[in-house]
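The structure appears right after this line, and notes come after that.
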Amino acid sequence: MHCFYSFREEALGEDTQVYWKTDNNAIYQVDGSKSFNFDRVFDSDESTKNVYEEIAVPIIDSAIQGYNGTVFAYGQTASGKTYTMMGSKDYLGVIPRAIHDIFQKIKKFPDREFLLRVSYMEIYNETITDLLCDTQKMKPLIIREDFNRNVYVADLTEEVVYTPEMALKWITKGEKNRHYGITKMNQRSSRSHTIFRMILESREKGEPSNCEGSVKVSHLNLVDLAGSERAAQTGAEGVRLKEGCNINRSLFILGQVIKKLSDGQVGGFINYRDSKLTRILQNSLGGNAKTRIICTITPVSLDETLTTLQFASTAKYMKNTPYVNEVSSDEALLKRYRKEIMDLKKQLEEAKEKRRVTWCVGKINKMKD
């Protein structure tokens, strides 16, 4: 569990009251009444690059090896979640850094071939939409289970990418479709949860005719959660109030799920289905995935920061059971592509042979004449 401690509001002036301080990997209330310890606390002196290298890189490396991975940011509105995950043009966040890093790292495995694809979805007012879809074609998407009980979103666009620029281009398109709004706490407040997913497939290189053997398939989820908020602080009303209520409800259920998973009760009921967010991330919460949570807090908020720290303290005890995902059937897109290439080569050879035979027959007939 990792907390990112933001001093952005301290710049508002000397009269701004600060409720929280940091010391090494602890965050404590200024009056000494409460204190929390974490695996790592990042304060205002550290960059998003530090956060990425310490938190996300191990998940990226595992995803390349075939493990599912998830990194998500949790915290109140205006505490720095979207900035941490997306960054800016000059200071890249976790998601763009991960994209660049993955393409660099797979070059270090010359004995394996990789196929990467991306998807980008939004959960807005408990409705799932495809951010990579053209606006006129957008429709609510449905969560389903396959025969292996793996959860997936039906009809979600998945685009094959060969360069980081291609992947970032899809993110740019998705960001234009995402819901943002103005509140008293933030000029550009995320009004939805987004999940950017990279699916990595890889197999050992061999003869082009070899379509056998297993394919490693891993899902990397990079999640930017909307922030928890109080209507009194954000001035929310009308549409903004409805958005805030749905955001808070889904985050409350996320907290419930993580609390039940952290209690260590095996076989108990976990209410994943109570929220689209927890349902989609079911594998990442106590399942087959390596998960890292970044909790963003602000020192000028007492109650909301306390809630975030309590969430973070609970999540420390959540245990997952990750394992390498290998697919031996035609489910892997990489294997299907390989077979399609082989079929096309076979058809090409047959066409060449047919033309050669036709040419020979034509020449023989001409000699007879």
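The values are calculated or read from the model by the stated rules, or taken from the named source; none is laboratory data. If you're wondering where the values come from, they're calculated on a predicted model, not measured in any experiment. Positions of Cβ are backbone-derived with ideal geometry, glycine not excepted, and every protein chain shown enters the neighbour counts. What goes into the accessible areas is simple: the full protein's heavy atoms, side chains included, and nothing from ligands, DNA or RNA. Shrake-Rupley method; radii C 1.70, N 1.55, O 1.52, S 1.80 Å.
A few points about this structure:
- Residue that is modelled with the lowest pLDDT [pool: residues in the range 17-46 that are polar (S, T, N, Q), open to solvent by 40 Å² or more (accessible area, probe 1.4 Å) and more than 30 Å from the chain's Cα centre (by Cα)]: 17
- Residue identified as within 30 Å of residue 299 (Cβ to Cβ) and of a type outside the set (A, V, I, L, M, F, W, C) among 120, 83, 67: 83
- Residue ranges of strands (runs of 3 or more DSSP E) in the range 78-180 with at least 3 members open to solvent by less than 50 Å² (accessible area, probe 1.4 Å): 112-124, 127-130
- Matching residues, the range 55-77, being in contact with a helix residue (DSSP H, G or I) (Cβ under 8 Å, 6 or more places away or on another chain), at pLDDT 95 or above and open to solvent by 10 Å² or more (accessible area, probe 1.4 Å): 57, 61, 64, 68
- Filtered residue count, the range 111-133, keeping only those that are more than 14 Å from residue 156 (Cβ to Cβ) and either among the hydrophobic types (A, V, I, L, M, F, W, C) or without any contact (Cβ under 8 Å) to a residue 12 or more places away in the chain (or both): 3
- Residues in the range 204-238 that are modelled with pLDDT under 90, open to solvent by 10 Å² or more (accessible area, probe 1.4 Å) and part of a strand (DSSP E or B) were compared, and the one that is nearest to residue 99 (Cα to Cα) is 204.
- Candidates 145, 158 - the one that is in contact (Cβ under 8 Å) with a residue 40 or more places away in the chain and either under 21 Å from residue 279 (Cα atoms) or β-branched (Val, Ile, Thr) (or both): 158
- Among the residues listed as 111, 146, 90, 101, the single one being over 18 Å from residue 195 (Cα atoms) and modelled with pLDDT of 95 or more: 101
- Checking residue 284 against (1) within 19 Å of residue 75 (Cβ to Cβ); (2) of a type outside the set (Val, Ile, Thr); (3) open to solvent by 60 Å² or more (accessible area, probe 1.4 Å); (4) at pLDDT 90 or above, the condition it does not meet: (3)
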